[in-house]
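Single-structure report; data block below.
Here, each number is a calculation from the coordinates, and none is a lab measurement. None of the values given here were measured: they were computed from a predicted structure. Heads up, the Cβs are rebuilt from the backbone with ideal geometry, glycines too, and the neighbour counts pull from every protein chain shown.
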Amino acid sequence: MNYISTRGAGAGERHTFSDILLGGLAKDGGLYLPADYPRVSADELARWRALSYADLAFEILSKFSDDIPAEDLRALTRRTYTAQTYCHVRDDDASGALAAQITPLKTLGVENGATLSLLELSNGPTLAFKDMAMQLLGNLFEYTLAKHGETLNILGATSGDTGSAAEYAMRGKQGVRVFMLSPHLKMSAFQTAQMYSLQDPNIFNVAVQGVFDDCQDIVKAVSNDHAFKAQYKIGTVNSINWARVVAQVVYYFKGYFAATQSNDERVSFAVPSGNFGNVCAGHIARMMGLPIEKLVVATNENDVLDEFFRTGIYRVRKAAETYHTSSPSMDISKASNFERFVFDLLGRDPARVLQLFRDVEEKGGFDLAASGDFARVQQFGFVSGRSSHADRVDAIRDVFERYDTMIDTHTADGLKVAREHLQPGIPMIVLETAQPIKFGETIREALLREPERPAAFAGLEALPQRFEVLPADAQRVKDFVAARTSD
């Protein structure tokens, strides 16, 4: 397996999974992808259907990481995906049986001839789907650093859930420090408390005076300062990190197996989308041969991706045009992982991708409809839709009343848009992204009651918090990192 940059630099060079694991962006500012997607045979698909989540993860990841010895990789996936780690059981699952499945599929009902289900991805330590990849990433980092006797300073950006998932995965890990940027006063109280209450000496929280895109731009600016990156051993856990994306591929396969009886069937997935990493994993699963009918991209009022999949125009928003919504983890106007899909859409032409993303920086976007390239989107199975605050509240209320199930605001966005793309006879799986407790204000508005709170998080918001407020300035962040890095 060899990895290449979406922008073409280093063509002909050898880049292994371990090479790109710690670095994030390629040297030319592009994103890494496999030179070729591995294909899954019919025999493999049939054999995988009966595997545990940990062993399925091993099978899929081994196709992308042939430089890690098989026995080591299997040990890593089995240590990561345990019922003890993914054990935040809902009130109606008190037996723990569903939690033991790691990603249980909850069928809601049949609507317009299609079975509608939720794939529960939020039973991990921070109650969000980001745990599914981040816990593995923490173990991969520790394994790789120990093997080479190295250290790593992780610089990340979060609009809510990535930060806490990364910090819980990396806390106490040998050789790792985490510097996490988040938009000041723009996360939910629960999300903020999850991150800022951590007192581990290797965890540093920075509240940036701006929006998420400012945080993300700072991470990219630091990553593109190659001298600083090398001196301070900067890595990333954001979804630009390939290992995070490929780890998310696993639950598409697991969800497919749970929703079907045979591998002749097809399913669709609806994915709440901000940075495009989650649905990009679905695209990769489809390219590997998983029988996916549609990938439904669901946005909130920050509808950059919906606009693209409807019109072919990719137009990033300025900070003043980015809405602060009740599904804050999707308050993103510049989708980092989108470049990976555009690379595939354009027939893997790095020169064109480089020019298009220069246009994003210089002109604010690009238009693929005018060039005729947008017509190929249909070949990849993408459709999209947009949700508003009123839609979220309505969906939360409807699912609770109709199916006795409480969902969070982002899952509500996914459900609302999923219903617009139901096809008779094709199961629709909505990827659940977080537990409702993380967004209590909207739950109270919709249901006039408190969301369920796992016992481990009682009194979370009252804990002391440790964080630093900085302006949206890359140099200030670099100074902060340098001052707290001893080697």
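Observations, loosely collected:
- Gyration tensor over alpha-carbon atoms, region 147-208, equivalent ellipsoid semi-axes in Å: 22, 11, 9
- Sequence-distant contacts, meaning Cα pairs under 8 Å at least 6 residues apart, place the relative contact order of the chain at 19 percent.
- Sequence of His226, His15, His283 once ranked by neighbouring C-beta atoms within 10 Å, starting from the fewest: His226, His15, His283
- Placed amide H near Lys294: partners under 5 Å, 5+ positions off or other chain: Ser268, Phe269
- Cut-off under 5 Å, modelled amide H: who pairs with Val237 long-range: Leu155
- Gly30 long-range amide H proximity, modeled H, under 5 Å: Arg7
- Two tests apply to each whole DSSP H helix in the chain, Cα reach of 24 Å or more along its axis and mean Kyte-Doolittle hydropathy of at least 0.5, and the ones passing both are 242-259.
- Cβ crowding within 10 Å, taken as a proxy for footprinting-reagent exposure, orders His324, His148 from fewest neighbours to most as His148, His324.
- Mean separation of Cα contacts under 8 Å, 6 or more apart, over the residue count of region 205-297: relative contact order %: 24 percent
- Per-residue ellipticity at 222 nm, computed for the chain from helices alone with -39500 (n - 2.57) per DSSP H run of at least four residues, works out to -11500 deg cm²/dmol.
- Note on region 196-219 and region 1-79: Cα centroid distance 29 Å, given to the nearest whole angstrom.
- From the coordinates shown, Rg and Dmax of the Cα atoms in Å corresponds to which of [x] 21.6, 65; [y] 20.8, 61; [z] 21.4, 70: [y]
- Residues Lys27, Lys334 arranged by fewest to most Cβ contacts within 10 Å: Lys27, Lys334
- For the cross-link pairs Lys294/Lys416; Lys186/Lys229; Lys334/Lys363, the ones whose C-alpha atoms lie over 18 Å apart are Lys186/Lys229.
- Percent RCO, i.e. relative contact order, over region 91-213, from Cα pairs under 8 Å lying at least 6 residues apart: 19 percent
- Taking only alpha carbon atoms, region 249-364 gives an Rg to Rh ratio of 1.01, where Rh is the Kirkwood radius.
- Centroid-to-centroid separation of region 104-133 and region 316-335 [C-alpha atoms, Å]: 24 Å
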